[in-house]
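**Student:** Handing you this structure, nothing more for now.
The values are calculated or read from the model by the stated rules, or taken from the named source; none is laboratory data. The structure presented is a predicted model; accordingly, all values stated were derived computationally and were not measured. Positions of Cβ are generated from backbone atoms using ideal geometry, with glycine treated the same way; all protein chains shown enter the neighbour counts. Side chains are part of the model used for accessible areas, which takes the heavy atoms of the whole protein and leaves out ligands, DNA and RNA. Shrake-Rupley method; radii C 1.70, N 1.55, O 1.52, S 1.80 Å.
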Amino acid sequence: MKKIKFKIPKIKIKQVSPDQLTDRLLLINLYITQALTLFIGIMWLFFQKRSVIELFSLQQNDNFMAWGFGLAGCMLVIDFFLSRIMPESAMDDGGINEMLFGKRPVWHIICIAAIVAICEELLFRGAIQYAIGPYWTSIIFAAIHIRYLKHWLPTGWVFLSSYGLGFIYIQTGTLWAPILCHFLIDLISGLLIRFRREE
């Protein structure tokens, strides 16, 4: 009897620098990572025996909107002052945000901000924070934002932002508070990059 040999192709994963990225490759990467984030979040919730539908249910009051808008406003003001007093190199993300938002139409920036906010908050606040609390969740959240890890200031800022998102989730009891805050931060930051480029 003949042995059947299977040839498994070698998949090479290599780091790509921002100057090697095309717009299409950047978007593919963004949407694949968000789809994976959503899938992992849903599976995590499944193993926690929790319902995604209940997690997204709206509360009777609009308290979550005040928390979401309030924290987003505070974070954007702090970010504005940090960008004014710190050298640009200290806040450098390798040009990824510029590539992602610089030439993007407004409707696409809105879509990106919404998708990222929903997918990341489902996984990090909805699933991971439920299991290990806001502190360790924020460490993981900062670590996955790899492009900031070369600089302590943006890494610390991502950690504090994540902790703030976890805090308002605890205070309101609804995932919509951190989703709204995350959406507003990404949307306003994206629009600022988009229109600053035009000027």
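**Student:** Build a GNM of the chain with springs between Cα atoms under 10 Å: which of 95, 166, 41 gets the top mean-square fluctuation?
**Tutor:** Per the Cα network of the chain with a 10 Å cutoff, 95 tops the list.
**Student:** So, in nm, how far is label residue 171 from label residue 195 when the simple model puts each one 7 Å beyond its Cα toward the Cβ?
**Tutor:** Placing both labels 7 Å beyond Cα along the Cβ direction yields 2.7 nm.
**Student:** Could you give the length gained by full extension between residue 132 and residue 114, i.e. 0.36 nm per residue of separation minus their alpha carbon distance, to one decimal place?
**Tutor:** Here the answer is 4.0 nm.
**Student:** Placing unit charges on C-beta atoms (Lys and Arg positive, Asp and Glu negative, everything else neutral), compute the dipole magnitude of segment 63-127 about its Cα centre in debye, rounded to 20. Kindly include the intermediate steps, with their values, before the conclusion.
**Tutor:** Working: 4 positive and 7 negative charges, 42 e Å.
Its charge dipole is roughly 200 debye.
**Student:** Next question. Using a Gaussian network for the chain with springs between C-alpha atoms less than 10 Å apart, which of these wobbles most: 157, 67, 107?
**Tutor:** The residue with the greatest mean-square fluctuation here is 107.
**Student:** Based on the Kirkwood radius over alpha-carbon pairs, what is the Stokes-Einstein translational diffusion coefficient of the chain at 4 °C with 1.567 mPa s viscosity, in µm²/s?
**Tutor:** 71
**Student:** Could you give the size of the charge dipole of segment 29-169 about its Cα centre, using +1 on the Cβ of each K and R and -1 on the Cβ of each D and E, expressed in debye and rounded to the nearest 20?
**Tutor:** 200
**Student:** A further question follows. Rank 99, 86, 127 by how far each Cα sits towards the positive end of the charge dipole of segment 86-193 (+1 on Lys, Arg Cβ; -1 on Asp, Glu Cβ) and give me just the farthest.
**Tutor:** Going by the Cα projections, it comes out as 127.
**Student:** Given +1 on the Cβ of Lys and Arg, -1 on the Cβ of Asp and Glu, and no further charges, what dipole in debye does segment 91-199 carry about its Cα centre, rounded to the nearest 20?
**Tutor:** Dipole magnitude for segment 91-199 comes out near 100 debye.
**Student:** If you don't mind, there's one more thing I want to ask. With every protein chain left in place, what is the accessible area of residue 163 in Å² (1.4 Å probe, nearest 10)?
**Tutor:** Answer for residue 163: close to 90 Å² accessible.
**Student:** Same structure again: Put 54, 120, 98, 88 in order of accessible area, largest first, 1.4 Å probe: what do you get?
**Tutor:** 88, 54, 98, 120
**Student:** Quick check: pseudo-label points 7 Å beyond the Cα along Cα→Cβ at residue 31 and residue 139, how many nm apart are they?
**Tutor:** The modelled label-to-label distance comes out at 3.6 nm.
**Student:** Among 143, 109, 157, whose Cα lies farthest out toward the positive end of the dipole of the chain, if unit charges sit on the beta carbon of Lys, Arg (+1) and Asp, Glu (-1)?
**Tutor:** After comparing all options, I get 143.
**Student:** Residue separation times 0.36 nm, minus the C-alpha to C-alpha distance between residue 106 and residue 65: what's the value?
**Tutor:** 12.5 nm
**Student:** Same structure again: Please give the contour-minus-distance gain from residue 51 to residue 88: 0.36 nm per residue of separation, less the Cα-Cα distance, rounded to one decimal in nm.
**Tutor:** Working: separation 37, 0.36 × 37 = 13.32 nm, distance 4.31 nm.
Difference between extended and current length: 9.0 nm.
**Student:** Could I ask something else about it? Convex hull volume of the Cα atoms in segment 154-199, per residue, in Å³?
**Tutor:** 59
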